[in-house]
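Q: Sharing a structure, written as structure tokens. Questions coming.
The values are calculated or read from the model by the stated rules, or taken from the named source; none is laboratory data. Predicted, not measured: the structure shown is a model, and the values here were computed from it. Neighbour counts are summed over all protein chains in view; Cβ atoms, including those assigned to glycine, are modelled from backbone coordinates with ideal geometry. Quick note on the areas: whole protein, heavy atoms, side chains included, nothing else; ligands and nucleic acids left out. Shrake-Rupley method; radii C 1.70, N 1.55, O 1.52, S 1.80 Å.
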Amino acid sequence: MSDREKSAAFIAARQAEIRAKLAKFQKTGGADASKSTPSPPQSRPPAPSSSSRFGSSSPSQQLRGSPGRSGSNGAGEAPELDLIQRKIAEARARLAGNSMVMPRATAKGIYVPDAKGRVGTPQIALDDTGSIDLQAMLSTIPKREVATAKANQRLSQAKKDAKAKVEKPAAGAASTSRPSKAKNPYLEAPAEDEEVVSVPSKRKARPLKFIQPGKYIQKAKQERQQAQLEKLKQEIAENVKKAGMEVEMDISDKALKKEPGPPAEWWDAPFLPNKAYTDLDQAPVKPAELDQLVTLYIHHPIPIKPPNEVNSAPVVRSLMLTKKERKKLRRQRRQEAQKEKQDKIRLGLLPPDPPKVKISNLMQVLGQEAIQDPTKIEQRVRKEMEQRQRQHELANEQRKLSPEERRAKVINKVAEDKKQSNEVAVFKVKNCAHPKHRYKIEKNAQQYQLSGMVVVHPKCHLVIAEGGPKSIKAYKKLMLRRIDWNDMPPPKNANAASNMMDIDRFAEGEENKCYLVWEGQVKNKAFRRFTWRSFESEKMAREELSKWHVEHYWDAAVMATDEDLAARQPEL
């Protein structure tokens with residue numbers, strides 16, 4: 001059992017004992033008062049001293065000795081009753097005087113300290129009837145202070161401050177002033193003499209905000225791309241300055257400004273009186289009055305062919321067949337030819353074919369004749385087999401094209417390829433002035449019927465080739481894969497080598513390589529034939545290319561670095 005429960009049990013026992021004794025004394029006191037005559041008032045006993053007042057004896061102990069005295073002396077019961085009533089009055093006075101003093105609860109009862117800090121006798125609360133008030137006694141028991149968190153203390157203090165602020169009366173406001181209202185935009189406007197008090201808004205709970213995976217990774221990636229773009233722009237500007245070019249790279253709104261549109265489109269013009277959209281502001285269009293212009297027919301525009309297909313023959317694309325379908329068509333075609341030949345033989349237009357005798361079917365075809373003279377029959381069969389082989393090879397030789405026909409066929413195919421479209425390929429080589437490399441470049445350009453120019457400059461060598469799609473594809477394989485650019489043996493005829501100066505300028509330990517700068521289609525060719533030109537200055541090379549309106553090829557090759565070109569090379 002805890003201390004609180006023990007104290008409560010002890011208080012309850014003492015209260016029951018005091019009630020019983022008070023009831024007994026009141027009963028005996030009333031009976032004696034009715035029998036006895038009024039006696040003269042006795043002299044009041046002296047007030048109890050502080051030692052007896054704050055002694056260790058309790059009222060119950062004092063009352064415990066009262067019956068013995070009353071029993072021994074019956075006339076002394078009235079003074080005892082007066083003494084009890086006087087003590088009760090003194091207790092009530094002490095309770096009234098010490099109302100502001102905090103009582104102290106102990107195991108023996110509730111004690112109230114006086115002004116000097118001493119502890120008096122237990123104080124007993126009584127109600128109007130004179131009985132002990134248990135509720136009042138429990139309310140005087142002090143509550144134990146419990147420690148709480150700092151956040152809860154702040155919250156309680158904030159609530160007290162907000163409540164005091166709301167309940168604080170207005171300064172200088174009399175009883176005639178109206179009660180104040182809280183600020184609310186949906187209420188009526190307050191009067192002039194009415195004070196508006198703002199209700200403190202409650203703090204809203206903020207939800208947790210989780211960061212999505214990859215958010216900062218994406219942000220860092222965008223920043224790196226932006227930095228890389230700025231670096232690329234700076235490098236382009238520096239390369240332009242090094243090349244001695246002043247290129248206008250203005251892509252502002254003024255440079256991209258478009259021409260204003262027409263006042264009205266051609267399909268809306270018949271519906272507008274003044275052929276302008278401003279007519280709609282004055283008089284809107286009424287669909288009921290436009291029955292003649294609005295019909296069920298659709299206006300289809302005239303198709304326009306691309307520039308490279310205006311004079312070219314229509315391209316007929318054959319259906320792509322699978323291998324199984326090609327075999328089936330070949331089998332059907334051969335069956336039809338064989339059936340036609342058999343019909344001609346039946347009609348007597350062609351002699352019948354001799355039997356196709358082989359060593360494997362010798363006995364099945366000749367039968368009895370092969371048994372009579374097997375050696376003779378075998379020789380005859382082998383002779384027929386050799387004759388059939390010679391006829392087959394002779395037919396193949398007759399169908400084979402002669403060297404002149406084969407060369408003409410290649411030339412015709414290249415010419416047909418040139419009619420399809422004009423393809424351009426621009427190559428950048430560190431050094432292509434060696435006679436071995438020059439021969440391969442010029443000879444293949446001649447064979448593929450390419451036009452263009454080779455610009456030899458100490459800074460870089462530029463190769464421009466124009467031709468058909470197939471020719472340019474083959475030329476790209478030659479420049480990027482077939483030629484070994486590091487294979488530069490000393491020329492056999494040094495006197496005839498006009499480009500030895502260019503070869504000497506190339507460092508021996510440096511790697512020679514070829515890069516594809518640009519490839520694409522153009523409307524018209526810029527060159528008539530394939531030429532080879534050498535220049536000492538960059539300005540002269542650019543001026544020569546500007547005559548053919550292809551100086552931008554040189555700009556693209558000079559501004560691009562080897563690392564950038566190597567990163568975007570095609571896979572052949």
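Q: Could you check how much of the accessible area of region 338-427 is carbon and sulfur, as a whole percent, using a 1.4 Å probe? The partial results should precede the final answer.
A: Details: 3830 of 7430 Å².
In region 338-427, the share of accessible area belonging to carbon and sulfur is 52 percent.
Q: While we're looking at this one, here's another question. Between Ala337 and Gln282, take the C-beta separation as r, use R0 = 60 Å, and let me know the FRET efficiency to the nearest 0.05. It would help to have the intermediate numbers written out before the result.
A: Details: r = 81 Å, r/R0 = 1.34.
Using R0 = 60 Å, I get an efficiency of 0.15.
Q: Something else: Given R₀ = 45 Å, what would the calculated FRET efficiency be for Arg533 paired with Gln398, taking r from the Cβ atoms and rounding to 0.05?
A: Details: r = 49 Å, r/R0 = 1.09.
With R0 = 45 Å, the Cβ-Cβ based efficiency is 0.40.
Q: I've got another one for you. What is the calculated FRET efficiency for Ala556 to Lys215, with r their C-beta to C-beta distance and R₀ = 30 Å, to the nearest 0.05? Write out the running numbers ahead of the final one.
A: On the way: r = 39 Å, r/R0 = 1.30.
So the FRET efficiency works out to roughly 0.15.
Q: Now for a different question. At 0.36 nm per residue, minus the direct Cα-Cα distance, what do Ala237 and Ser2 gain on full extension? Give it in nm, one decimal, please. All intermediate terms of the calculation are to be shown ahead of the outcome.
A: On the way: separation 235, 0.36 × 235 = 84.60 nm, distance 9.13 nm.
Stretched out fully, the Ala237 to Ser2 stretch lengthens by 75.5 nm.
Q: If I stretch the segment between Glu519 and Asp161 completely, what's the gain in nm (0.36 nm per residue apart, minus their alpha carbon distance), one decimal? Walk me through the numbers before you get to the answer.
A: Values: separation 358, 0.36 × 358 = 128.88 nm, distance 8.05 nm.
Going from the current span to full extension adds 120.8 nm.
Q: Given a 1.4 Å probe and heavy atoms of the protein chains only, how would you sort Val365, Val426, Val316, largest accessible area at the top? Mind showing how you got there, number by number?
A: Numbers: Val365 65, Val426 0, Val316 130 Å².
Highest to lowest solvent-accessible surface, that is Val316, Val365, Val426.
Q: Then there is this: Once the piece of chain linking Asp373 and Lys324 is laid out straight, how much longer is it, given 0.36 nm per residue of separation minus the C-alpha distance between them?
A: Numbers: separation 49, 0.36 × 49 = 17.64 nm, distance 4.64 nm.
Gain in length upon complete extension: 13.0 nm.
Q: So what J values fall out for region 366-373 if you push phi through Karplus, 6.51 cos²θ - 1.76 cosθ + 1.60 with θ = phi - 60°, rounded to Hz, Gly and Pro as x?
A: Per residue, the Karplus-derived 3J(HN,Hα) values read 8, x, 5, 5, 5, 6, 5, 9 Hz.
Q: Let me ask something else. So, by mean Cβ neighbours within 10 angstrom, what's the order for 84-93, 233-242 with the highest one leading?
A: On the way: 84-93: 14.2, 233-242: 12.4.
So the order, starting with the most tightly packed, is 84-93, 233-242.
Q: Rounded, prolate or oblate: which one fits region 334-375, using the alpha carbon gyration tensor with axes a ≥ b ≥ c (rounded when a/c is under 1.5, else prolate when a/b beats b/c, else oblate)? All intermediate terms of the calculation are to be shown ahead of the outcome.
A: Details: a/c = 4.45, a/b = 2.41, b/c = 1.85.
Here region 334-375 falls in the prolate category.
Q: Okay, moving on. Give, rounded to the nearest 20 debye, the magnitude of the charge dipole that region 260-416 has about its Cα centre when Lys and Arg contribute +1 at Cβ and Asp and Glu contribute -1 at Cβ.
A: Working: 31 positive and 22 negative charges, 379 e Å.
For region 260-416, the charge dipole is close to 1820 debye.
Q: Give me the one-decimal nm value for the distance between modelled label points at Leu22 and Lys204, 7 Å along each residue's Cα-to-Cβ direction.
A: Distance between label points: 6.1 nm.
Q: Next question. Can you pull the one-decimal nm distance between simple spin-label points at Lys344 and Arg407, each 7 Å off the Cα toward Cβ?
A: Those two pseudo-labels are separated by 3.7 nm.
Q: Need the C-alpha centroid separation for region 389-459 versus region 471-488, integer Å.
A: Rounded to whole Å, the Cα centres lie 13 Å apart.
Q: Quick one: what are the phi-derived ³J(HN,Hα) couplings along region 564-572, Karplus 6.51/-1.76/1.60 with θ = phi - 60°, whole Hz, x for glycine and proline?
A: With coefficients 6.51, -1.76 and 1.60, one gets 5, 5, 5, 6, 10, 6, x, 9, 9 Hz.
Q: Could you name the lysines whose alpha carbon sits less than 21 Å from that of Lys477, not counting residues in the same chain fewer than 8 places away?
A: Excluding near neighbours in sequence, the set is Lys413, Lys418, Lys428, Lys430, Lys436, Lys440, Lys443, Lys513.
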